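The block underneath contains the structure these notes are about, expressed in structure tokens.
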């Protein structure tokens, strides 16, 4: 069965859930997709339109609802009369779920892409909305899609209705994320880093839960050990204009080791250029950057958050979050293997891609969402 699927998402900026929504709409050739952003069109709005997807932006401000926006959302749902409404992330689950219910939609599916709710790092409004959703989860959605097993475990512990939960891991277009020597060389030439220098990379917006400070402390220890390296920071707000990250880099003595590139559209080439991709987060659900790096044949060092250990398996290194000393030791171990055991390093890179190809394809994800909507 095919039909119209209306997606309601908080915003379309650069983020993991937004990227999954984009891939799902573009690669599903069974249904007609409509995307409604509670905020603006961000990064993915134009990309979705270019792919032939109808996109509507309600232009509400972050954390604030407007009566005109709510009325427009109700009218859009009534106008499209979708077979199913798929919501994405806490705020859209709450607002989109309730308005879809009031608009007469019978088939509502929530999407949860968070794991831990950390006081002091997670916004208080977000924590409140998550707890409110837990109460409503028995009544509003038909099913609740979690992108990670850890995410489901955590949400159900705060009261999400367990009988509606299902896990659909994020899927990736491994045709875009492939080993690419030329792309890697282009990036290294662009940033002025030769192949003889170890290149570390982290891809993810500047956010407390990404814990960039953890990585900066770790590479400070790396520098003290005498290892020659550069570390590339990619993502929203990771630029020279970010006074806080410049302060951290300066205090740790690694300003000259850091390259701040901000938001980029050539992530596959960047992943290829890195010798090692690092995830330093204190909380994740299903971190998209790990499969993207691994599909390019780039090994990862990751904090043990969300489903990161399920993604990485035995192809990389896992450390506890918030422990820069342990993170630094793992990075050193990886670089030691790269320099001293090239045969093992080559096989590790091959194993990284094979693990993603076998377990996290875009086709499998689309198939599971279609089954859920039906």
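Things worth noting here:
- The lone exception for residue 151 - which of (1) within 17 Å of residue 374 (Cα to Cα); (2) touching a residue at least 60 places away in the same chain (Cβ under 8 Å); (3) surrounded by 15 or more Cβ atoms within 10 Å (Cβ to Cβ) it fails: (1)
- Restricting the range 142-165 to residues that are closer than 17 Å to residue 91 by Cβ, in contact with a helix residue (DSSP H, G or I) (Cβ under 6 Å, 6 or more places away or on another chain) and part of a loop (DSSP other than H, G, I, E, B), the residue that is modelled with the highest pLDDT is 160.
- Count - residues of the range 311-334 that are touching a residue at least 60 places away in the same chain (Cβ under 8 Å) and surrounded by 20 or more Cβ atoms within 10 Å (Cβ to Cβ): 5
- Only listed residue being assigned to a strand (DSSP E or B) and surrounded by 13 or more Cβ atoms within 10 Å (Cβ to Cβ), chosen from 190, 132, 199: 199
- Residues that are buried (at least 24 other Cβ atoms within 10 Å of the Cβ) and part of a loop (DSSP other than H, G, I, E, B) were ranked within the range 289-306; the one that is modelled with the lowest pLDDT is 306.
The values are calculated or read from the model by the stated rules, or taken from the named source; none is laboratory data. Just so we're clear, the structure is a prediction, and the values are computed from it rather than from any experiment. Quick reminder, even Gly has a Cβ in these numbers, built from the backbone with ideal geometry, and neighbours come from all protein chains shown.
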